[in-house]
Amino acid sequence: MGRYFGTDGFRGEANVNLTADHAFRIGKFLGWYFSEKRRREGEDGGPRVVIGKDTRRSSYMFEYALCAGLTSRGADAYIMHVTTTPSVSYIVRSEGCDCGIMISASHNPYYDNGIKLISASGEKMDEETIAAVEDYLDGLSPEPPAVTRDKIGKTVDFAAGRNRYIGYLISLATRSYSGMRIGLDCANGSAWMIAKSVFDALGARTYVIGANPDGLNINRGYGSTHIENLQRLVRDEKLDAGFAFDGDADRCLCVDENGEVLTGDHILYICGTYMKDRGELPGNMVVATVMSNFGFFRSLDEAGIVYEKTAVGDKYVSEAMVQNGSRLGGEQSGHIIFKKYANTGDGVLTAIKIMEVILETKHTLSELKKPMYFYPQSLKSIHVTDQQAAMNDPVVQVAIKEAEDRIGENGRVLVRKSGTEPVIRVMAEAEDQAVCDKAVREIIGVIEAKGYAAG
């Protein structure tokens, strides 16, 4: 990870460690950087940069600061307003723009925010460009010169881009959703207008929660990190399925007709086996991360699907997919990449692809997930003052080793640093839930006892 940008952008508490000045300076640098790139390549005109944001109150502040920086250095800022991260990726790629910026802290609480940079191909920005931005933020490169007169960039209201993206999603559906009763949890975030528009247009009878954003309630009690409300909705209304998105709608988790949750591993298994049966899975390969469940990998083995494991982060999944030509990859958390249709995780697209499997196979979600093994799992996060010190502490290492020895070969323990917040995640899998819970509880207890817990 870089000095400012982690696995999913520059993230922090708004006006604390991510400020409007950071956004203004990032905008200035990118405006100059892509202007110079165009000049070197002999291209006319200034760069075009697409900007989207989620529903956090601070997103407007960062949007205006980015626009000011970009236009002061000769770039045109195309403002998509409240929209999803994958929609920015789609528009950058399909409209031939130079760069995309998404203002969001994804599943974090409202007081955090983030700046995600997207390349011209619609993927996470390359490390060379990120490093150049960070050097400028640290004062290691000169101030980019301001432009004047007709060289000053303009801002363009580009809400039409969001509508183009909605049309694209609708075009991907293979069948009408008429007669289907679907629950949507939009996390009071970016999907609050887009998801319902798509499912309504396809004929579903939609039941929507988490669609009343007020700037302060994004992810609060709703969305993929608080899926219990969607489970209740599906059960109470006897729905066919439910889909929960996160704050910027680049991830999706599912709820079956019985109100049971399907993780990203279930989604990868269901879509992977469906695509394999239809000859749509190159090399019969799926890309997943080390966080995926033991049972998931066992199920892929039995289905004749090979897999590659990456570090945690959809960035690493995407890189591996480019290298090996895979069309399907993702994370247990619900970041799923369908490479044929998008270059980033897309929650609404994931929901559409799951609906395709349901309608084409004429099976319910509970039937589709039944063949997959899923080991009992416990996962907890602890906010810490120093991730590296806590991870390297000998006493913590002993606690991890003792938990691993107790679980043995029929499970595992995974302790890792979050790439998006000052958190350590502790996960255990075993054949018995009580064993998982005990292992996680004891490791977190040691971290706390050693004084690393924050606040």
Residue check for Lys124: under 16 Å from the mean Cα position of the chain (by Cα), at pLDDT below 95 and crowded, with 22+ Cβ neighbours inside 10 Å: yes
Odd one out for Glu302 among (1) of a type in the set (Asp, Glu); (2) within 22 Å of the chain's Cα centre (by Cα); (3) modelled with pLDDT of 95 or more: (2)
First in the range 25-49 and loosely packed, with under 13 Cβ neighbours inside 10 Å, second anywhere and not in a helix (DSSP H, G or I), Cβ under 9 Å, 6 or more apart: Gly45/Asp76
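Mind listing whichever residues of the range 329-342 are assigned to a loop (DSSP other than H, G, I, E, B), over 10 Å from Thr289 (Cβ atoms) and of a type outside the set (Gly, Ala, Ser)? Explain how you work it out, then say what you get.
Within the range 329-342, the subset assigned to a loop (DSSP other than H, G, I, E, B) is 331-335, 339-342.
From the residues that got through so far, the ones that are over 10 Å from Thr289 (Cβ atoms) too are 334, 339-342.
Lys339, Lys340, Tyr341 - these are the residues of the range 329-342 that are assigned to a loop (DSSP other than H, G, I, E, B), over 10 Å from Thr289 (Cβ atoms) and of a type outside the set (Gly, Ala, Ser).
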Of the criteria (1) in contact (Cβ under 8 Å) with a residue 60 or more places away in the chain; (2) touching a Lys or Arg at 6+ places or on another chain (Cβ under 6 Å); (3) more than 18 Å from Val198 (Cβ to Cβ), which one Ile79 fails: (2)
Total residues in the range 195-218, condition of a type outside the set (D, E, K, R), crowded, with 18+ Cβ neighbours inside 10 Å and in contact with a Ser or Thr (Cβ under 6 Å, 6 or more places away or on another chain): 3
Residues located in the range 370-386, provided they are crowded, with 18+ Cβ neighbours inside 10 Å and either in contact with a Lys or Arg (Cβ under 6 Å, 6 or more places away or on another chain) or small (Gly, Ala, Ser) (or both): Ser378
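Within the range 349-358, is there a residue that is at pLDDT 95 or above, outside any loop (DSSP other than H, G, I, E, B), in the same structural domain as Leu300 (by TED's automatic domain parsing) and loosely packed, with under 15 Cβ neighbours inside 10 Å? Quick ask: steps written out before the conclusion?
Looking only at the range 349-358, we keep the residues that are at pLDDT 95 or above, and these are 349-358.
Of the ones still in play, those that are also outside any loop (DSSP other than H, G, I, E, B) are 349-358.
When the remaining residues are screened for being in the same structural domain as Leu300 (by TED's automatic domain parsing), the result is 349-358.
With the extra rule that they be loosely packed, with under 15 Cβ neighbours inside 10 Å, the set shrinks to none.
Within the range 349-358, not a single residue is at pLDDT 95 or above, outside any loop (DSSP other than H, G, I, E, B), in the same structural domain as Leu300 (by TED's automatic domain parsing) and loosely packed, with under 15 Cβ neighbours inside 10 Å.
Residue-by-condition table, conditions (1) aliphatic (A, V, I, L, M); (2) outside any helix (DSSP H, G or I); (3) under 20 Å from Val92 (Cβ atoms):
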| residue | (1), (2), (3) |
| --- | --- |
| Arg3 | no, yes, no |
| Asp21 | no, no, no |
| Phe24 | no, no, no |
| Trp32 | no, no, yes |
| Glu36 | no, no, yes |
| Gly45 | no, yes, yes |
| Gly52 | no, yes, yes |
| Tyr60 | no, no, no |
Residue match in the range 92-103 (condition: buried (at least 18 other Cβ atoms within 10 Å of the Cβ), more than 21 Å from Gly45 (Cα to Cα) and among the basic types (Lys, Arg)): no
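Got at least one residue in the range 3-24 being of a type in the set (S, T, N, Q), within 25 Å of Asp246 (Cα to Cα), crowded, with 21+ Cβ neighbours inside 10 Å and in contact with a Gly (Cβ under 6 Å, 6 or more places away or on another chain)?
no
Rundown of residues vs (1) surrounded by fewer than 19 Cβ atoms within 10 Å (Cβ to Cβ); (2) within 16 Å of Phe374 (Cα to Cα); (3) touching a His at 6+ places or on another chain (Cβ under 6 Å); (4) not assigned by TED's automatic domain parsing to the domain that holds His383, yes/no style:
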| position | (1), (2), (3), (4) |
| --- | --- |
| Asn410 | yes, yes, no, no |
| Val413 | no, yes, no, no |
| Glu421 | no, no, no, no |
| Arg425 | yes, no, no, no |
| Gln433 | yes, yes, no, no |
Selection within the range 365-403 - farther than 18 Å from Ala439 by Cβ, touching a helix residue (DSSP H, G or I) at 6+ places or on another chain (Cβ under 9 Å) and either among the hydroxyl-bearing types (Ser, Thr, Tyr) or not in a helix (DSSP H, G or I) (or both): Pro371, Met372, Tyr373, Val384
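Would you check which residues across the range 408-455 are assigned to a helix (DSSP H, G or I), modelled with pLDDT of 90 or more, farther than 16 Å from Val395 by Cα and charged (D, E, K, R) and list them? Steps first, answer last, please.
Filtering the range 408-455 for residues assigned to a helix (DSSP H, G or I) gives 408-410, 433-449.
Right, trim to modelled with pLDDT of 90 or more and you get 433-449.
Now narrow it down to the ones that are farther than 16 Å from Val395 by Cα: 433-438.
Asp437, Lys438 - these are the residues of the range 408-455 that are assigned to a helix (DSSP H, G or I), modelled with pLDDT of 90 or more, farther than 16 Å from Val395 by Cα and charged (D, E, K, R).
The values are calculated or read from the model by the stated rules, or taken from the named source; none is laboratory data. This is a predicted model, so every value here is computed, not measured. Note that each Cβ is placed from the backbone with ideal geometry, even for glycine, and that neighbours are counted across all protein chains shown.
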